[in-house]
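Just below is one structure, and these are the notes that go with it.
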Amino acid sequence: MLITSDTKSNLLNNVETRLNERSSELDNLVNLFSRLEAFEKFLNEQKISSPFEGLKNLLNFRIIVGIIYLDLCAATLTYLRGKYQYEAINASRQMIVVINEGYKKLYHFDTNKKGEKNLKNRNESFWVKEVGQIINTHLPEYRQQYKTLTQKFNNYLSVNFELLEMQRNLSVHYDKEPMKVYKMMTELDIEESFKKLIPFLDILNSLFVFTQEVAGGFQKKTEQSNLKQDQRIDSIVGLIDKHKSVENEKLINEFKEQILSLKKLYRR
């Protein structure tokens, strides 16, 4: 069954705008992440402890959320702009793959194929290992919001993931019996695929909003101790200055400017 006109209309209202916004945001996040990596590499070479790990982990999470979101937007546009039914089927298969793999990467399933409880992979997921650690270590005031979003992840498991997994496997790996793939495609309910997509996009949007608030939490804590933070940055600059020589003066000055710019970063 093809998507209904109502569902299509709802998607058309915002998907292109969202794609443009998230693409720009992702570019900015990657740029900042690259800068922090360069700082960390240099500090590590000089045996100076990095103060940016929490922020880097937060950026890492926002980047993977952004990539998953853009993949889903692109698959949606492929469907909306397509002229042929097979384009719609292929776009739906792509959505199924991204939803399945995206959910596993962000939160992971908590049971194995036998239905037995297994939290090993979940505890290694982005949401638990990186974001959860930031909340528990640095920003406990966001624990309730974190728990609310965790419940959203859990509630999404009500989606028939056994069916999604089967569709994903046949879409990615095909099968030695091609009729299984063909049967899956001909029976694919595209309307149902979009019904799975919309709440997952809602989770991704919530993650963007929440992690932006968490970033604001970092900023607030910094504003409460501006002098201490400035002194810390100035101390790093001072340590870097000790390694300045005629040969590396230009490089050192560039790093100093970038590190000093973090004062503005924490205040924007």
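Among the residues of segment 11-26, are any open to solvent by 90 Å² or more (accessible area, probe 1.4 Å), assigned to a helix (DSSP H, G or I) and at pLDDT below 80?
Among the residues of segment 11-26, at least one is open to solvent by 90 Å² or more (accessible area, probe 1.4 Å), assigned to a helix (DSSP H, G or I) and at pLDDT below 80, which makes the answer yes.
From the list LEU77, LEU43, LEU58, which residue is part of a helix (DSSP H, G or I), at pLDDT below 90 and surrounded by 20 or more Cβ atoms within 10 Å (Cβ to Cβ)?
Result of the check over LEU77, LEU43, LEU58: LEU58.
Looking at VAL131, is it open to solvent by 50 Å² or more (accessible area, probe 1.4 Å), in a helix (DSSP H, G or I) and of a type outside the set (D, E, K, R)? Steps first, please.
Numbers: open to solvent by 50 Å² or more (accessible area, probe 1.4 Å): no; in a helix (DSSP H, G or I): yes; of a type outside the set (D, E, K, R): yes.
Criteria not met by VAL131.
Considering each residue of segment 89-122, count those that are of a type outside the set (Lys, Arg) and at pLDDT below 85, and give that number.
Residues in segment 89-122 being of a type outside the set (Lys, Arg) and at pLDDT below 85: 9 in total.
What's the number of the only condition in (1) at pLDDT 90 or above; (2) under 20 Å from the mean Cα position of the chain (by Cα); (3) of a type in the set (Asp, Glu) that GLU130 fails to meet?
Every listed condition holds for GLU130 apart from (1).
Out of the residues in segment 80-97 that are buried (at least 16 other Cβ atoms within 10 Å of the Cβ) and not aliphatic (A, V, I, L, M), which is farthest from PHE200 (Cα to Cα)?
Only one residue fits best here, namely ASN90.
Residues that are closer than 16 Å to SER92 by Cα and open to solvent by 40 Å² or more (accessible area, probe 1.4 Å): does segment 135-158 have at least one? If you could, list the steps in order and put the result at the bottom.
The first filter runs over segment 135-158 and keeps only residues closer than 16 Å to SER92 by Cα, leaving none.
No, because not a single residue in segment 135-158 is closer than 16 Å to SER92 by Cα and open to solvent by 40 Å² or more (accessible area, probe 1.4 Å).
Mind checking which residues of segment 161-194 are among the basic types (Lys, Arg) and either part of a loop (DSSP other than H, G, I, E, B) or in contact (Cβ under 8 Å) with a residue 12 or more places away in the chain (or both)? Spell out how you get there, then give the answer.
First pass over segment 161-194, keeping only residues among the basic types (Lys, Arg): 168, 176, 180, 183.
Matches in segment 161-194: ARG168, LYS176.
The values are calculated or read from the model by the stated rules, or taken from the named source; none is laboratory data. Owing to the predicted nature of the structure, the values given are computational and were not obtained by experimental measurement. Ideal geometry is used to build each Cβ from the backbone, glycine not excepted, and the neighbour counts take in all protein chains shown. In case anyone asks, the SASA skips ligands and DNA or RNA and just uses the protein heavy atoms, side chains included. Shrake-Rupley method; radii C 1.70, N 1.55, O 1.52, S 1.80 Å.
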